[in-house]
């Protein structure tokens, strides 16, 4: 028996020497003068790029696209990722030829339209978060986190307070939080949450002190509940001389309802690719704008857009000598920022407030229906924020059916899986975030799928554990992937 | 309501299912004192037609000047198919491929990308992208310190010929972990790393030497000698390269006797629009022995339950969602969509097309240099081989000249006054395959007029 074939061959398998997409190549020029490139600097053998026609290319990548689940094709309730609809207008207007053709080092005289959008975006983000100032520079959530913690460090250092190198993180935090603290040269102190999902204040009181640089919190937390003791947390940390960092991963839940600035946060990052609906792109680009209170404003990463009279310009290191510096070669993910700008202008003040409301309505509706259908909730006594957690602990124990099995079976029902095994402290968890852009019919269909999976768990657990069956591939051998590393294609007869 | 599908009936029935009288009740766990009363600072919403009009007007204001700008971002022709395919919703609106079975499209593209970029650079393994060229330098510096088993040094040597913004990003990113970047000056005649100055660092403990090829001035460094020198000192070599140039220039894996250890660069020239500076993507490749020190996502080919080939994220034990505080980096989301565009771009261009882009860009820059140097009061700052950029020196301050030409719709170069004051009235100029002979002539004529 021969091994089953790949669903779509690698692009290299279409390659034939001498074939090419000639229309794409620039016309050759007559040689002017001799070749002044020394032989020692020249490449001797051409790179192994495919030699294929334009039609081969279009078919191959179109077929590959069809192997993906995406928001445009499937409900994608991936908790903590806010997979809401990405309006087409945002893409179209960010890709106007003048915008995409503008060189980053073009003078401000040839960028006033773009800079005005950026300035207004900064202003809108300030308003919606209650912060004093914003920098659009960071290029992803984790990058924004880095900027935030670096600012906290710079703030303490500027005051001569060099002992503050501890960052407090609740155990349910995103993995990026402790990783960021480490990248900023800080020591991580993890604290527990209580049985209702709120921060354990006693534990917090024990760890704060003269070494506390700050605390990183997501609110609503990654447990899908609002941190009710936020003001007490803020007071404890501030009284100890530390600052509060807001991880904006879950900002969608409270958009237009509560502002991080009003909760006492000193610095926040916003995931524009979540809350403000810029595309996730199969793993980026994101945009992780940061907002700060007045005392941190001098430390914002540059460049920031400033207004002078009727004009706009980038403020650089010279304008902001205390800045933590530059985090991108130019000015962040400008094209993503334009998309977020278009989205925010289309929503306007009323639309923005509706985001938090309908995201919360959808989550609580889905939670109520799943509970009624027999699923266990991690926090049954709490309101859902924009997301909530179902735990398969009981089914794992009694039926040997795990959260992973449910996740894989959902794919067969035409739904992307929720986030699984995060947060780590809830066993067998499914973190479900429907977002506000999904219709009731979609949510109902998801409930039906979950109900049928639960029935299958009782009737035919083995079937469930073999899922998925309808995807381009069955479950993959991750152990083999890590042990027999195959990270790049090589021709069959190639030496290494 | 924009982007909300809910009818009044839906809302009513959903609230009844939940068992609350209204939506406000769903927020009753939030302390009343914290509730927002309104967002007066946000303007009222616009229809799609209205925002379209606004954005079009603003875009027109920025115009489409004739630009000869480089300095880390380059204007190349992007085949129509690249973004027609990249903006398909199945790529555009998907997320990181955590559910491998439902993400084989994205995963296979990453694998194909890794295959292309490793071949282009000659090194064995690649990740799935970093944020941009600047952050790639920072991540490479951190990785070199992590991966270097024999050196405990937190110091790296960076040349003054490295893009100054890359150096700034590296310092902002890695400085908090104690990394230091000592700058090696350049030689005034060639605009390349001053090897005599470099030699004064012999015998000192550095984790790595960074070499940019072509360097920030567009000049070509003697990468073989530099690499061999660094290796003789026990340093790693971090190659910072322009991917287009690699179609015709020696790949970093072949630099010197042993080749560079880590290769990084700005991926923008591979089919990514200039777009005011982003989104771009950084690339990174290295030797197999360092793969576990590499930051970012990596895709591997494996098989499924039925033995069919398939793709999955692998070596995740390096990453933040598993290792948390001990991860190789905090990077999570990277620049997947741009990596997708680059893969399609490299596919359409192929080895011959990419070499053609590189050669034609070089020729255009050489022609431009000849035309501009013929203008009285203009000379090349450096001699020696170049790629597709060069530094010109004028008799008068550059800023005024650039402003004059900008008014004529020509962005004539990048002023180097701030970063390289010792060069006097100097600017960095670039021409790619997108420029015609007429474009070059127009620039030369305008410069002649401005300097008259």
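Computed from the coordinates by the stated procedures, all read-outs in this text should not be read as laboratory data. A quick note: this is a predicted structure, and the numbers were derived from the prediction, not measured. Counting neighbours? That spans all protein chains shown, and the Cβs are built from the backbone with ideal geometry, glycine included.
For the range B:1-100, the average shadow cast by the Cα convex hull is 13.8 nm², which is a quarter of the hull's surface. For chain A, the Kirkwood radius over C-alpha pairs fed into Stokes-Einstein at 4 °C and 1.567 mPa s yields D = 51 µm² per second. Rounded to the nearest 10 degrees, the angle from helix B:223-232 to the longest Cα principal axis of chain B is 80 degrees. Site pair residue B:180 and residue B:258 shows an inter-label distance of 2.4 nm when each label is modelled 7 Å from Cα along Cα→Cβ. In this simple spin-label approximation, residue B:8 and residue B:188 carry label points 7 Å from Cα along the Cα→Cβ vector, and these lie 8.1 nm apart. Estimated from helices alone, the mean residue ellipticity of chain B at 222 nm is -11500 deg cm²/dmol (sum of -39500 (n - 2.57) over DSSP H runs with n ≥ 4, per residue).
Just check chain B against the gyration tensor rule for me: Cα atoms, a ≥ b ≥ c as the square roots of the eigenvalues, rounded for a/c under 1.5, and otherwise prolate or oblate depending on whether a/b exceeds b/c. Oblate shape, in that a/c is at least 1.5 and b/c is the bigger or equal ratio.
Modelled this way, with points 7 Å down the Cα-to-C-beta line, the labels at residue A:195 and residue A:376 are 1.4 nm from one another. Which of rounded, prolate, oblate describes the range A:411-496, given a ≥ b ≥ c as roots of the alpha-carbon gyration tensor eigenvalues and a/c under 1.5 marking rounded, otherwise prolate only if a/b is larger than b/c? In terms of gyration-tensor shape, prolate. Calculated FRET efficiency, residue A:229 to residue A:206, Cβ-Cβ distance, R0 = 25 Å: about 0.95 to the nearest 0.05.
Going by neighbour counts of Cβ atoms within 10 Å, the residues A:96, B:270 line up, fewest first, as A:96, B:270. Per 10 Å bin, what is the whole-percent P(r) computed from every C-alpha pair distance within the protein assembly as shown? All Cα pairs, binned at 10 Å, distribute as 2, 12, 22, 26, 21, 11, 4, 1, 0 percent. Can you say what percent of the DSSP beta bridges in the protein assembly as shown, counting only those with both residues inside, are antiparallel? Round to 5. Percentage antiparallel, nearest 5: 60. Normalised by residue count, the range A:71-118 yields a Cα convex hull volume of 109 Å³ per residue.
Take every residue in peptide A:359-372, count the Cβ atoms of other chains within 10 Å of its Cβ, and give the average of those counts. Let's see the in-between values first.
Details: counts 1, 3, 11, 5, 2, 9, 9, 3, 1, 7, 3, 0, 0, 1.
That works out to 4 on average.
For the range B:80-344, dividing the convex hull volume of the Cα atoms by the residue count gives 134 Å³ per residue. Averaging 1/r across all pairs of distinct Cα atoms in the range B:356-448 and inverting the result yields a Kirkwood radius of 13.3 Å.
Please work out the FRET efficiency for the pair residue A:421 and residue B:48, using the Cβ-Cβ distance as r and a Förster radius of 35 Å; give the result to the nearest 0.05.
0.30
Multiplying the residue separation of residue A:23 and residue A:479 by 0.36 nm and subtracting their alpha-carbon distance yields 159.8 nm.
Looking at the range B:80-344, what % of its DSSP beta bridges pair antiparallel, to the nearest 5?
Counting DSSP beta bridges with both partners in the range B:80-344, the antiparallel share is about 50 percent.
Fully extending the segment from residue B:205 to residue B:22 would add 59.2 nm, taking 0.36 nm per residue of separation and subtracting the current Cα-Cα distance. Compared with the rule-of-thumb size 2.2 N^0.38 Å for a compact globular protein, the range A:89-347 has a Cα radius of gyration ratio of 0.99.
Axis of helix B:336-373 versus longest Cα principal axis of chain B: the two differ by about 30°, to the nearest ten degrees. Note on the range B:145-190: semi-axes of the ellipsoid equivalent to its C-alpha gyration tensor, largest first and rounded to whole Å, are 22, 14, 7. With runs of 4+ DSSP H residues as the only contributors, calculate the mean residue ellipticity of chain A at 222 nm using -39,500 (n - 2.57) per run, divided by the residue total and rounded to the nearest 500. About -11000 deg cm²/dmol.
Taking a ≥ b ≥ c as the square roots of the Cα gyration tensor eigenvalues, with a/c under 1.5 meaning rounded and otherwise prolate when a/b beats b/c, else oblate, which class fits the range A:163-220? The shape class here is oblate. Rounded to the nearest 5, the antiparallel percentage of DSSP beta bridges internal to the range A:89-347 is 40%.
Cα axis of helix B:133-147 to longest principal axis of chain B: angle in degrees, 0 to 90, nearest 10? That works out to roughly 90 degrees.
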